[in-house]
1. Which residues, counting only those in the range 210-226, are surrounded by fewer than 17 Cβ atoms within 10 Å (Cβ to Cβ), among the polar types (S, T, N, Q) and within 10 Å of H323 (Cα to Cα)?
2. Being crowded, with 16+ Cβ neighbours inside 10 Å, modelled with pLDDT of 95 or more and in contact with a His (Cβ under 8 Å, 6 or more places away or on another chain) is the filter here; which residues of the range 227-248 pass it?
3. I'm trying to understand the selection: among the residues of the range 101-153, which are polar (S, T, N, Q), in contact (Cβ under 8 Å) with a residue 12 or more places away in the chain and over 19 Å from H312 (Cβ atoms)?
4. Could you tell me how many of the residues in the range 349-370 are part of a loop (DSSP other than H, G, I, E, B) and open to solvent by 50 Å² or more (accessible area, probe 1.4 Å)?
5. Taking the range 265-288 as the search range and keeping residues that are in a helix (DSSP H, G or I) and of a type in the set (G, A, S), which one is most open to solvent (accessible area, probe 1.4 Å)?
6. Go through H318, H312 for me and flag whichever is open to solvent by 30 Å² or more (accessible area, probe 1.4 Å) and free of Cβ contacts under 8 Å to residues at least 24 places away in the same chain.
7. Are any of the residues in the range 178-199 open to solvent by less than 40 Å² (accessible area, probe 1.4 Å), touching a Gly at 6+ places or on another chain (Cβ under 8 Å) and within 28 Å of A67 (Cβ to Cβ)?
Amino acid sequence: MRLAIATGTRADWGLLQPLASRLQDEGDEVLVVATHQHLISDMGNTIAEILADGFTPAARIPATGDAASIMALAATGFARELPRLRPDALIILGDRCEMLGAASAALLTGVPIVHIAGGTISEGAFDDSVRHAITKMASLHLPETRLCASRILQMGEEAENVVVTGALGVYNTLHAPRMSREELAESLDGWDPGEHLLLGTLHAATLGKASPLELQEEFLAALRQLPEQYRILLTYPNSDTDPSPLIASLHEFERSMGGRVKVIPSLGRIRYISAAAMACGVVGNSSSALVEVPSLGTPSLDIGIRQQGREHGESVIHSGVRHEEILSGLQRLLAPEMQELAARCPNPYAADDTPGKMVRAIRNHKFSPYPQKHFCRLEADSLNKV
């Protein structure tokens, strides 16, 4: 088959790369279409990661600006490129605005959509509605858990087109090579992560009441009160809103902390997994803290409403957005009993050979241009079919 894969950020390519490689190994032609943050040098030049993984993008679609502009530019670019590339299907992961543009273009140019990680809930951001919208455009659904699958069925999708696979990120986390503490330090220009590391990423909660900068200032105020033995590694926020003031604030915090803090645009897949595995905790509001990090035995602190409603295991705790609430959450995160719990509790997103399950589902599905869909009324026994 000829399969296009849409990717817009460091995060989604890090998840999709093993699937792309597995499909290629099976003899499928994989066409990577890079857009949005991959083409913004200030966001870490992450297109280099795609190239380093052995994939030359079949198309590059610039998409910058506010969320609506990013969606519109992605839709225009995919509407131009999909008829040229002529894939049998377009693989989309998740819920970002550029993916809504890609899905809209695929729908209207007759390209069937494979949607990964549908049925998830994250009530504090636009992502929630975007994800569900893509579900209704997609032909084949690859949700991460049975609960996610049940929500897709509630939206009227046919059970035979819903295949529970587990989360790609968990598989990647468990199978990726890891750097030693010394190797990580060398890759960070000699910055030593030490024995008491915190890893953090705080994105804009687009449906939150506080502005992104206000939320970040509360976050940094809490981090500032941690004991001096803690070293803090922070990555840039995404571009759901203008990240410039947030990035400037992060670097000012870095300068003020006497070498205890390192701020970096993007860690990439291997460095992120390595840092998370050796950390005392992962903090912020990224989905990775709820989905992948628990499989490393590392506890997570989820701040605010961005991930509200997302399924998670016992190693994830939550806090409000005021610095006092965040500091209290950090203290719980770092307590010995939480460290012990995180080391042994199960992760609901884990499954055996997630990329293999996805490859089999994709290769066994009969794709056709301009697919016709049927709305299925949810019956009591529908869950037994997924």
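The values are calculated or read from the model by the stated rules, or taken from the named source; none is laboratory data. Quantities reported herein were computed from a predicted structural model and do not represent experimental measurements. Heads up, the Cβs are rebuilt from the backbone with ideal geometry, glycines too, and the neighbour counts pull from every protein chain shown. Side chains included, ligands, DNA and RNA excluded: accessible areas come from the protein's heavy atoms. Shrake-Rupley method; radii C 1.70, N 1.55, O 1.52, S 1.80 Å.
1. Q225
2. Y230, R231 - these are the residues of the range 227-248 that are crowded, with 16+ Cβ neighbours inside 10 Å, modelled with pLDDT of 95 or more and in contact with a His (Cβ under 8 Å, 6 or more places away or on another chain).
3. Answer for the range 101-153, where residues must be polar (S, T, N, Q), in contact (Cβ under 8 Å) with a residue 12 or more places away in the chain and over 19 Å from H312 (Cβ atoms): S104, T109, T135, S139.
4. Residues that pass the stated criteria total 7.
5. Filtering the range 265-288 for residues that are in a helix (DSSP H, G or I) and of a type in the set (G, A, S), the one most open to solvent (accessible area, probe 1.4 Å) comes out as A277.
6. Just a single option satisfies the conditions, and that option is H318.
7. yes
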